[in-house]
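Okay, handing you the structure first.
The values are calculated or read from the model by the stated rules, or taken from the named source; none is laboratory data. Because the structure is a prediction, the values reported are computed rather than measured. Don't worry about glycine lacking a Cβ; one is built from the backbone with ideal geometry, like all the others, and counts go over all protein chains shown. The accessibility values were calculated without ligands, DNA or RNA, using every heavy atom of the protein model including side chains. Shrake-Rupley method; radii C 1.70, N 1.55, O 1.52, S 1.80 Å.
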Amino acid sequence: MSVSVKMTNGGGMIFDMLRGFFFGVFNKLEKNILNAVSNALDEERRNIFRDQIERINLLRRDPNGNETIFYWMKRGKPCRDFPLMFSTGKKEVCLAKVHIRYYGRTLPALVMLLDGAIFRIKYSQSVVKFDVMDNFSIEDVKIFN
């Protein structure tokens, strides 16, 4: 299934709805990628995705800017047993591929699952400078089954 969605880096739809203390854990680029993926999913998978994203309370960003790893910490330890899980049948699988468009360039990124849970965003090149960039959009969201 392939869905073409263009999201700008303005206010995010799912993140505007999210409640809780950990709302601010994602940067602007991560929020926009996760919003675009959420909007491209069917209703059942969107509910699983949103439930998992709401629980993320710790991120590890690669110092080189090549990936962001998501954690749900419970009692000081990483927890992978989300109440709602994706049925993947594989250890690590790509949920979605997006394209980040900035200044006429395109940077692919993959949203990965591990054992049915949101795990990381893997970028094809460094995104270290994206924390200060405002001129980007998320385009061409492709959802994998």
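Hey, Arg19 hits all of (1) modelled with pLDDT of 90 or more; (2) part of a loop (DSSP other than H, G, I, E, B) but one; which does it fall short on?
(1)
Counting only residues that are surrounded by fewer than 19 Cβ atoms within 10 Å (Cβ to Cβ) and either among the aromatic types (Phe, Trp, Tyr) or more than 15 Å from Lys31 (Cα to Cα) (or both), how many does region 113-127 have?
Residues in region 113-127 being surrounded by fewer than 19 Cβ atoms within 10 Å (Cβ to Cβ) and either among the aromatic types (Phe, Trp, Tyr) or more than 15 Å from Lys31 (Cα to Cα) (or both): 5 in total.
(1) closer than 25 Å to Asp134 by Cβ; (2) at pLDDT below 90; (3) open to solvent by less than 20 Å² (accessible area, probe 1.4 Å): which one isn't true of Gly104, the others all being true?
(3)
Of everything in region 128-138 that's outside any loop (DSSP other than H, G, I, E, B) and open to solvent by 30 Å² or more (accessible area, probe 1.4 Å), which residue is modelled with the lowest pLDDT?
Asp131
Quick one: in region 28-76, which of the residues that are of a type in the set (D, E, K, R), out of contact with any Lys or Arg (no Cβ under 7 Å at 6 or more places or on another chain) and under 19 Å from Tyr123 (Cα atoms) is surrounded by the fewest Cβ atoms within 10 Å (Cβ to Cβ)? Let's see the steps before the verdict.
Filtering region 28-76 for residues of a type in the set (D, E, K, R) gives 28, 30-31, 42-46, 50-51, 54-55, 60-62, 67, 74-75.
Subset that is out of contact with any Lys or Arg (no Cβ under 7 Å at 6 or more places or on another chain): 28, 30-31, 42-46, 50-51, 54-55, 60-62, 74-75.
Subset that is under 19 Å from Tyr123 (Cα atoms): 28, 30-31, 60-62.
On the way: Lys28: 16, Glu30: 23, Lys31: 23, Arg60: 11, Arg61: 16, Asp62: 15.
Only one residue fits best here, namely Arg60.
Would you confirm, using the coordinates I've provided, whether Leu107 is over 13 Å from the mean Cα position of the chain (by Cα), in contact (Cβ under 8 Å) with a residue 12 or more places away in the chain and in a strand (DSSP E or B)?
yes
Counting only residues that are under 22 Å from Ile143 (Cβ atoms), open to solvent by less than 80 Å² (accessible area, probe 1.4 Å) and in a strand (DSSP E or B), how many does region 77-101 have?
Residues flagged as under 22 Å from Ile143 (Cβ atoms), open to solvent by less than 80 Å² (accessible area, probe 1.4 Å) and in a strand (DSSP E or B) within region 77-101 amount to 9.
Something else: Name the pairs whose Cβ atoms lie under 9 Å apart, with the first residue in region 39-59 and within 19 Å of Asp81 (Cβ to Cβ) and touching a residue at least 60 places away in the same chain (Cβ under 8 Å), the second open to solvent by 70 Å² or more (accessible area, probe 1.4 Å) and aromatic (Phe, Trp, Tyr), and 6 or more positions between them or separate chains?
Ile56/Phe22
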